[in-house]
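Here is the structure we will look at.
What follows is calculated from the coordinates using simple rules that are stated; it is not laboratory data. A quick note: this is a predicted structure, and the numbers were derived from the prediction, not measured. As a convention, Cβ positions derive from the backbone with ideal geometry for all residues, glycine included, and neighbour counts pool all protein chains shown.
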Amino acid sequence: MAGTPTVLVAGAGVVGLATAVLLATGRCAERLRVLVLDARPVPRFRADELDARVYALSRASQQLLESTGVWRRIVETRAAPYRRMHVWEGEDAYGASAIDFDSADIGEPDLGHIVEDSLLRTVLADALAAAPRGQLVGAAEIAALDVQEREVVVALGNGGDIRGSVLLAADGSDSAVRRLLDLPAAGRRYGQSAIVTHVASSAPHLDTAWQRFLPGGPLALLPLADGSSSIVWSLPTADAERLLAASDGEFLAELNAASAGVIGELTACSKRIAFPLQALHAQKYTAPRVALLGDAAHTVHPLAGQGMNLGLLDAAAAAAVVEDALLAGEDVGDLKVLRRYERQRKGDNLAMLAAFDGLSRLFGLPGWAAPLRGFGMRAVEAAHPVKRLLMQKALGLTAGRRHRLRWSRAPRQA
């Protein structure tokens with residue numbers, strides 16, 4: 001393809017920025033331009049406050065971020081490793097219906113890191129700004145798309161337009177790109193909302209991610225670097241709305257009962273926010289000159305905390321496909337090129353979505369199913385090879401091996 005291709009990335013969330021940085025700092029960085037389009041500015045990280053939105057990043061995600069040079073800055077700024085994951089159902093956190101995953105059992109220093117959204121986006125945006133051919137275009141609301149034979153034209157809400165060879169859409173579950181191209185997506189709403197907040201506790205979190213399955217939905221307590229914990233509590237929407245409107249004392253009373261004292265008494269909480277839960281999967285990830293990434297292609301239940309990790313694997317695969325096509329002299333926006341990305345990622349994403357949706361349904365069954373669930377959890381706890389395999393999957397090591405060659409360049413210094 002003649003000239004320097006321009007890669008457009010819709011969405012300045014973590015997945016969109018990671019995709020852009022992979023391309024703008026990668027093996028073809030001098031042979032393309034990368035523009036990230038978003039209507040809203042990237043929120044800047046603030047050391048004096050905790051972001052309510054956090055992610056549990058797997059080892060595969062860490063490797064990706066290391067390859068762009070931003071991981072070192074993340075861990076030096078504020079990131080919390082979690083070395084254990086404890087999952088249970090019922091009143092007794094250490095009873096028969098409990099599974100304990102420990103990184104030491106597989107010879108790893110940790111199972112992952114808890115990192116704030118604003119920190120990830122800040123370091124990625126800074127890395128993009130430092131790249132000679134990377135740029136973040138602000139106030140860029142996508143109003144219309146015109147897919148032509150050799151380019152895609154993005155019409156902006158301010159009346160301007162931007163042209164590119166390919167558009168990688170990482171603009172979230174309510175993707176404007178997916179909607180404008182009329183790409184169908186199947187999914188369901190769970191009738192639940194997740195309450196997110198940070199809490200102080202009377203006992204240490206022990207670098208452990210705790211998760212309890214409750215009749216109304218799972219409760220996760222994730223360790224943070226300052227000793228507090230991030231709460232993600234999935235509840236029927238009516239209950240979530242009631243708890244959002246409750247006083248801090250009323251909310252903490254119910255949260256203490258739900259958390260069963262695994263990190264002692266929860267004594268204070270930050271501002272609470274909530275978001276509705278849904279599962280969604282695009283029937284097609286690609287169209288001529290366009291590919292969907294991250295939540296634009298697939299949205300999963302947060303019970304396993306894997307949504308961001310799946311999105312970052314999308315970023316790695318999409319960037320690698322674009323680079324391979326460029327090195328081979330192909331048109332990076334050609335549909336046959338973009339379908340290589342879809343073939344790499346769609347099956348894995350669909351399998352993970354089905355697994356998380358199945359778990360959500362299983363633990364939502366009434367009390368008669370509890371003995372069966374307990375039997376299954378006891379079997380996993382006793383079967384050490386199965387536990388090791390599950391931990392490797394949570395680390396992203398199996399997926400990481402499949403994609404490692406795609407980000408195997410030496411880590412860059414931020």
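Structure remark: mean-square fluctuation, Gaussian network model of the chain, C-alpha springs under 10 Å; the largest value among R163, R33, R188 belongs to R188. Taking the inverse of the mean 1/r over every pair of distinct Cα atoms in region 1-66 gives a Kirkwood hydrodynamic radius of 14.0 Å. Taking the three principal axes of the alpha carbon atoms in the chain, the coordinate ranges are 65, 44, 42 Å, sorted in descending order.
Largest GNM mean-square fluctuation among A355, A297, A140, using the chain with Cα springs under 10 Å: A355. With both labels modelled 7 Å from their Cα along Cα-to-Cβ, the T4 to E108 distance reads 4.0 nm.
Under 19 Å between alpha carbons: how many lysine pairs meet that in the chain, if sequence neighbours fewer than 8 apart on the same chain are excluded? Count of close lysine pairs: 4.
In plain terms, the chain from D248 to E91 could stretch by 54.2 nm, reckoned as 0.36 nm per residue minus the Cα-Cα distance. The length gained on full extension between S202 and K336, counted as 0.36 nm times the residue separation minus their Cα-Cα distance, comes to 42.6 nm. Exposure proxy shown here: for Y285, Y94, Y55, the number of other Cβ atoms within 10 Å sets the order, fewest to most, as Y94, Y55, Y285. Between 0 and 90 degrees, the angle of helix 59-68 with respect to the longest Cα principal axis of the chain falls at about 40 degrees. Can you compute the FRET efficiency between A257 and E76 using 1/(1 + (r/R0)^6), with r the Cβ-Cβ distance and R0 = 35 Å? Round to the nearest 0.05. My answer for the efficiency is 0.40. Where does the charge balance sit around L266 when Lys and Arg score +1, Asp and Glu -1, over other residues with C-beta under 11 Å from its C-beta? Overall, the nearby charge balance is -3. The simple spin-label model puts a point 7 Å past each Cα toward its Cβ; for D146 and E265 those points are separated by 6.6 nm.
Would you kindly state how much longer the chain becomes between A186 and R31 on full extension, computed as 0.36 nm times their sequence separation minus their alpha carbon distance, in nm to one decimal?
My answer for the length gained is 52.1 nm.
Ordering S61, S118, S175 by the number of other Cβ atoms within 10 Å of each residue's own Cβ, fewest first, gives S118, S175, S61.
For the chain, the longest principal axis of the alpha carbon atoms and the long axis of helix 117-130 meet at an angle near 20°. As a size descriptor, the averaged projected area of the C-alpha convex hull of region 140-232 was calculated at 10.1 nm². Each helix, a run of at least 4 DSSP H residues, gives -39500 (n - 2.57); summed and divided by the residues of the chain, these come to -11500 deg cm²/dmol at 222 nm.
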